[in-house]
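**Q** So that we are looking at the same thing, I have put the structure below in structure tokens.
The values are calculated or read from the model by the stated rules, or taken from the named source; none is laboratory data. Model, not experiment: these values are computed from the prediction. Every residue, glycine as well, gets a Cβ built from its backbone with ideal geometry; the counts of neighbours run over all protein chains shown.
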Amino acid sequence: MRVLHIVEASNTGVGRHVVDLAAGLLGHDCRVDLVYSTRRMDDVFAERLRSLPELHATAIDMQRRPAIADATVVRRVRALARQRGPFDIVHGHSSKGGAIARLAAGGRGPAVVYTPNGVFTMNPELSSLARRAVGAIERRLARRTDAVIAVSPVERDHLRDLGVADRLLHVIPNGIPARAWEPRETARRNFGIGPDEIVVGFLGRLSPQKNPELLVDAFARLASRCPEATLAVVGDGPRADACRDLVGAAKLDGRVRWLGFQTAEAAMPAFDVFAMPSRYEGMPYVLMEALCLGLPIVATDVGGTRLAVVDGENGRVVAPGDPAALADALASVLLDPAHRQQLGAASRKLSERFTVAEMVRRTLALYRELRPAPDEARPSDP
């Protein structure tokens, strides 16, 4: 099986998903090429590329937004495909990578697969005009697509609502590999967290999508009820100053730790509860990481949340944008240590569903369905 992956968003969860999938396919004797952009590439993505010498990776500059230069990118990808191909599968990731893959493949060549990793139109604050425009583009590009992989049932349903044909839609949740986590005591000591503190942890970009202000608001509402609680914020971004202002206004500076950028392996073992206040998501890695660590999860009902959080079993699920509901859900977990322990044990059990091996197995099965090997082809196949 010869597979070409194309991604512009070579950072955060999308970048991790692509290299995890590529590494898994290489382990199944696939020949894998990757086209990526360096504009948003992070250190984790770059390090993973260096660890996969058998992956043939080519950097091609891509802009995040639609641009005239996209035509040049399409031509370069086509030239690469002629040089390195023929490919059985061309798989585009996220909006730009998906568009380039479908425009470059075209015709009667390889099967074309698209993984949105969080459809842009799932943003509830997107204007109706922008939503209609992007939806029209998705429908048009879907005509050039053999399969669309949604990472959650919610994402699949959203794509269906946009007008993407149901026959194209497949749900394959993300998975994560085994990790070397920092020991809990070491992580807490590194961040100056005392043994009696109960840590509500957030890890992610401080951006409108992740809505960290909602979590700060909720924490301010429960702080007096839970005097041992500390909020640990891991990450940075455009909403950092607004969050700090909210903390200052609530006079909670001594109750909030701003940890900046940290890896999940270093920071999350220090948490007692994981909180995700997002406005919209696909299937974020932080949920699966929290499961692996056996953390109770309190999260908004977006994207793949209900795949990872069974309300009342391993955490709580609340409506997006409701700080009072988020505060009450957090308090119900923080104030009952025995219940918190039960929730955490259930999270660890649920983590068994989200492995890279399962993600790769299901993706490869889809590839083979789209482009069976010659000895697997049916007699009626051309």
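**Q** Does Gly92 fit the bill of being touching a residue at least 60 places away in the same chain (Cβ under 8 Å), closer than 30 Å to Met268 by Cβ and not assigned by TED's automatic domain parsing to the domain that holds Glu281? Steps first, answer last, please.
**A** Working: touching a residue at least 60 places away in the same chain (Cβ under 8 Å): yes; closer than 30 Å to Met268 by Cβ: no; not assigned by TED's automatic domain parsing to the domain that holds Glu281: yes.
When the stated conditions are applied, Gly92 does not pass them.
**Q** Determine which member of the set Thr305, Thr230, Thr263, Thr300 is within 24 Å of Gly175 (Cβ to Cβ), touching a Lys or Arg at 6+ places or on another chain (Cβ under 8 Å) and not acidic (Asp, Glu). Working first, answer last.
**A** Working: Thr305 fails: touching a Lys or Arg at 6+ places or on another chain (Cβ under 8 Å); Thr230 fails: within 24 Å of Gly175 (Cβ to Cβ); Thr263 fails: touching a Lys or Arg at 6+ places or on another chain (Cβ under 8 Å).
Going through Thr305, Thr230, Thr263, Thr300 in turn, the sole match is Thr300.
Every residue, every condition in (1) under 23 Å from the mean Cα position of the chain (by Cα); (2) modelled with pLDDT under 95, yes or no:
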| residue | (1), (2) |
| --- | --- |
| Ala299 | yes, no |
| Gly303 | yes, yes |
| Gly344 | yes, no |
| Lys349 | yes, no |
| Glu369 | no, no |
| Ser380 | no, yes |
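**Q** Within the range 4-17, is even one residue of a type in the set (A, V, I, L, M, F, W, C) and part of a loop (DSSP other than H, G, I, E, B)? Explain how you work it out, then say what you get.
**A** Kept after step one, since they are of a type in the set (A, V, I, L, M, F, W, C), are these residues of the range 4-17: 4, 6-7, 9, 14.
Of the ones still in play, those that are also part of a loop (DSSP other than H, G, I, E, B) are 9.
Checking the range 4-17: at least one residue is of a type in the set (A, V, I, L, M, F, W, C) and part of a loop (DSSP other than H, G, I, E, B).
Yes or no, residue by residue, for (1) touching a strand residue (DSSP E or B) at 6+ places or on another chain (Cβ under 7 Å); (2) surrounded by fewer than 19 Cβ atoms within 10 Å (Cβ to Cβ):
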| site | (1), (2) |
| --- | --- |
| Pro212 | yes, no |
| Phe219 | yes, no |
| Arg225 | no, yes |
| Ala229 | yes, no |
| Arg239 | no, no |
| Asp245 | no, yes |
| Gly248 | no, yes |
| Lys251 | no, yes |
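**Q** Consider only pairs whose beta carbons are under 7 Å apart and that are at least six residues apart or on different chains; among these, list those whose first residue lies in the range 181-208 and is closer than 14 Å to Ala290 by Cα and in contact (Cβ under 8 Å) with a residue 40 or more places away in the chain and whose second residue is of a type in the set (Gly, Ala, Ser) and part of a loop (DSSP other than H, G, I, E, B).
**A** Leu203/Gly235; Gly204/Gly235
**Q** Just checking, how many residues over the range 53-82 are of a type outside the set (Gly, Ala, Ser), outside any helix (DSSP H, G or I) and buried (at least 16 other Cβ atoms within 10 Å of the Cβ)? Lay out the reasoning, then the answer.
**A** Of the range 53-82, the ones of a type outside the set (Gly, Ala, Ser) are 53-56, 58, 60-66, 68, 70, 72-78, 80, 82.
Now drop any that are not outside any helix (DSSP H, G or I), which leaves 53-56, 58, 60-66, 68.
Adding the requirement that they be buried (at least 16 other Cβ atoms within 10 Å of the Cβ) leaves 55, 60, 62.
So the count comes out to 3.
**Q** A further question follows. Val151 - would you say it is touching a residue at least 40 places away in the same chain (Cβ under 8 Å), touching a Pro at 6+ places or on another chain (Cβ under 6 Å) and buried (at least 16 other Cβ atoms within 10 Å of the Cβ)? Don't jump to the end; show me each part of the working.
**A** Details: touching a residue at least 40 places away in the same chain (Cβ under 8 Å): yes; touching a Pro at 6+ places or on another chain (Cβ under 6 Å): yes; buried (at least 16 other Cβ atoms within 10 Å of the Cβ): yes.
So Val151 passes the test.
**Q** Something else now. Restricting to strands (runs of 3 or more DSSP E) lying wholly in the range 195-297: which have 2 or more residues that are closer than 21 Å to Glu313 by Cα and either more than 19 Å from the chain's Cα centre (by Cα) or among the small types (Gly, Ala, Ser) (or both)? Give the steps one after another, and end with the answer.
**A** Working: elements: 198-203, 229-234, 256-260, 273-276.
Once the strands (runs of 3 or more DSSP E) in the range 195-297 are filtered for at least 2 residues that are closer than 21 Å to Glu313 by Cα and either more than 19 Å from the chain's Cα centre (by Cα) or among the small types (Gly, Ala, Ser) (or both), what remains is 198-203, 273-276.
A quick yes/no check of all residues on (1) basic (Lys, Arg); (2) within 27 Å of Leu366 (Cβ to Cβ):
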residue	(1), (2)
Gly13	no, yes
His28	no, yes
Val32	no, yes
Ala46	no, no
Arg50	yes, no
Ile60	no, yes
Arg65	yes, no
Ala71	no, no
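**Q** Filter the range 199-210 down to the residues that are more than 20 Å from Ala324 (Cβ to Cβ) and touching a Pro at 6+ places or on another chain (Cβ under 9 Å), then identify the one that is surrounded by the most Cβ atoms within 10 Å (Cβ to Cβ).
**A** Within the range 199-210, the first condition is being more than 20 Å from Ala324 (Cβ to Cβ), and the residues that meet it are 199, 201, 203-209.
Then keep just the ones that are touching a Pro at 6+ places or on another chain (Cβ under 9 Å); that gives 204-208.
Details: Gly204: 24, Arg205: 17, Leu206: 22, Ser207: 16, Pro208: 17.
Ranking the candidates gives Gly204 first.
**Q** A follow-up question, please. Kindly list, by first and then second residue, each pair from a residue in the range 49-73 that is in contact (Cβ under 8 Å) with a residue 40 or more places away in the chain to a residue that is outside any loop (DSSP other than H, G, I, E, B) and surrounded by 12 or more Cβ atoms within 10 Å (Cβ to Cβ), limited to pairs with Cβ atoms under 6 Å and residues at least 6 apart or on different chains.
**A** Met62/Val73; Met62/Lys96
**Q** What number of residues within the range 82-133 satisfy the criterion of being charged (D, E, K, R) and under 20 Å from the mean Cα position of the chain (by Cα)? If you could, list the steps in order and put the result at the bottom.
**A** Filtering the range 82-133 for residues charged (D, E, K, R) gives 82, 84, 88, 96, 102, 108, 125, 131-132.
Subset that is under 20 Å from the mean Cα position of the chain (by Cα): 96, 125.
Residues flagged as charged (D, E, K, R) and under 20 Å from the mean Cα position of the chain (by Cα) within the range 82-133 amount to 2.
**Q** Just to check your reading of the model, which residue among Ala67, Ala133 is modelled with pLDDT under 95, out of contact with any strand residue (DSSP E or B) (no Cβ under 6 Å at 6 or more places or on another chain) and over 17 Å from Arg39 (Cα atoms)? Walk me through it before giving the result.
**A** Working: Ala67 fails: over 17 Å from Arg39 (Cα atoms).
Answer to the selection: Ala133.
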